[in-house]
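To keep things clear, I will list the structure first and then write my remarks on it.
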Amino acid sequence: MAGPLRYRLTLGRLCPGLGVVPQTRALAAVVPGVTQVDNKSDFLQKRPHRQHPGIRKLPHVRLPQALSNGAQLLLREIAEPNMENQVQALTNYLWSRHLPVEPEELQRRAVHLEKKFLENPDLFQTEEKLREAVLHALRKTTYHWQELSYSEGLSLVYMAARLDGGFAAVSRAFHEIQAQNQAFQPQTLMDFGSGTGSVTWAAHSVWGQTLREYMCVDRSTAMLVLAEKLLKGGSESGEPYIPGVFFRQFLPVSPKVQFDIVVSAFSLSELPSKADRNEVVQTLWRKTHHFLVLVENGTKAGHSLLMDARDLVLNGNEKSPLDPRPGFVFAPCPHELPCPQLTTSKPLACSISQAYHPIPFSWNKKPKEEKFSLVILARGSPEEANRWPRITQPVLKRPRHVHCHLCCPDGHMQHAVITARRHGRDLYRCARVSSWGDLLPVFTPSAFPPSPAQDPSES
């Protein structure tokens, strides 16, 4: 059993804006052997516990019918007999991909190998032989990153492999924004590395009533053509299902152009170096008026890449004269401190899982789970963000207690064991119905004034 929660657990209710409004009374004083519970609080506002305000996981996500029909039509037209194997091969390749090795790291490895080989000088009598041995060892031990060039055929394979999963991941990301800030009604969106256009479809599903401009940027002409076909139901003619979508191969040059929401989904990992990624992230941030949404595979490489981008924005000294507002982490982190998952002796990937119904191809019959890493950055003040702990692993439900692994506002990980007797019936039931990636609606003591439920011994 883990020790008691370091935090006093206090339930709150969401306000229409970005933050939360704490209740006036604590639900439980977390002191061993002491139970002080007030179950009359209206934080649920007569909603059932399974709909508590920290729930973020969506039900099984399904593609819009027009998008699903268009994708199926395009694959039927090519009638590729080996498509299933190609889809599986590309899926495995994308998931197992690492980041390219940086030149500085390559140089460090070469120096290390050279020193190691020189311990036996008799084996390498000439400098040329030593150089060849070092290069040979580097080739055997270094990951060979290759840029993917999307032809028409590979674009269709990518569509069959990633359209539905990518749509599910981005839909979950947009739900994070919508759940915390229902007043946010974007009018413009930019999608960097737009690919098949899943971001456009997901954004339209959430904010279709207000979005009037979708800027899709992708350097692959084949991908842009495919995304436009999908907008028209799988054909080259006809009216697009979503109006106001524009395609281009390069980012807008004008520094005055900003978008309410900027997205990069599974695209930063396609850049050849850290310097290229930093340049793109800085450009995307300058283009951001409200939210910058970054999504990558839920692997160590994907998570590490996103944390680099997060730190670059938070620590950046560059201030745009057009928009000097600072940035803060809107989700999923409840803090701006270093990621505790990366500071452990064995770094772990911080990821989220979202269930979805795949496109009903012959090999796609059962519901699937999309595992991805996410960071949403926003302009403004961190006080506007929701600072509830985030559940970072599947919740373990046991008789009369629940295990929750939490990323907490103080920048630490915590294994919390929640019981009804110690923490109150409401919090226990909320924890029991929560899922991986949800927020647990609790506050730290400093987040609210002393309450009647406080244990006298702490005064």
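General remarks:
- The requirement of being surrounded by fewer than 16 Cβ atoms within 10 Å (Cβ to Cβ), among the aliphatic types (A, V, I, L, M) and under 30 Å from residue 263 (Cβ atoms) is not satisfied by residue 179.
- The condition (being closer than 29 Å to residue 162 by Cβ and either surrounded by 12 or more Cβ atoms within 10 Å (Cβ to Cβ) or of a type in the set (A, V, I, L, M) (or both)) is satisfied by just one residue among 146, 88: 88.
- Restricting region 100-144 to residues that are assigned to a loop (DSSP other than H, G, I, E, B) and under 27 Å from residue 269 (Cβ atoms) leaves a set whose member that is farthest from the chain's Cα centre (by Cα) is 142.
- Among all positions in region 93-116, there is at least one residue which is in contact with a strand residue (DSSP E or B) (Cβ under 7 Å, 6 or more places away or on another chain) and of a type in the set (Phe, Trp, Tyr).
- Hits in region 347-370 - residues which are assigned to a loop (DSSP other than H, G, I, E, B), touching a helix residue (DSSP H, G or I) at 6+ places or on another chain (Cβ under 6 Å) and of a type outside the set (Gly, Ala, Ser): 350, 358, 359, 363
- Scan of region 345-371 for residues that are over 30 Å from residue 67 (Cβ atoms) and touching a residue at least 24 places away in the same chain (Cβ under 8 Å), ordered by number: 347, 348
- Any hit, region 323-346, residues being assigned to a helix (DSSP H, G or I) and out of contact with any Asp or Glu (no Cβ under 8 Å at 6 or more places or on another chain): no
- Selection status of residue 130, out of contact with any His (no Cβ under 9 Å at 6 or more places or on another chain) and modelled with pLDDT of 85 or more: no
- Any hit, region 395-403, residues being modelled with pLDDT under 95, in contact with a Phe, Trp or Tyr (Cβ under 7 Å, 6 or more places away or on another chain) and either within 22 Å of residue 260 (Cα to Cα) or surrounded by fewer than 16 Cβ atoms within 10 Å (Cβ to Cβ) (or both): no
- Here the condition is being more than 29 Å from residue 196 (Cα to Cα) and in contact with a Phe, Trp or Tyr (Cβ under 6 Å, 6 or more places away or on another chain); of 138, 130, 118, 67, it holds for 130 alone.
- Considering 200, 196, 210, the condition of being in contact with a strand residue (DSSP E or B) (Cβ under 7 Å, 6 or more places away or on another chain), modelled with pLDDT of 95 or more and hydroxyl-bearing (Ser, Thr, Tyr) is satisfied by 200 alone.
- Any strands (runs of 3 or more DSSP E) falling wholly within region 221-298 and containing at least 1 residues that are free of Cβ contacts under 8 Å to residues at least 60 places away in the same chain: 245-248
- For the condition of a type in the set (Val, Ile, Thr) and touching a Gly at 6+ places or on another chain (Cβ under 6 Å), residue 359 does not qualify.
The values are calculated or read from the model by the stated rules, or taken from the named source; none is laboratory data. Model, not experiment: these values are computed from the prediction. So basically every Cβ, Gly included, is an ideal-geometry build from the backbone, and we count neighbours across all protein chains shown.
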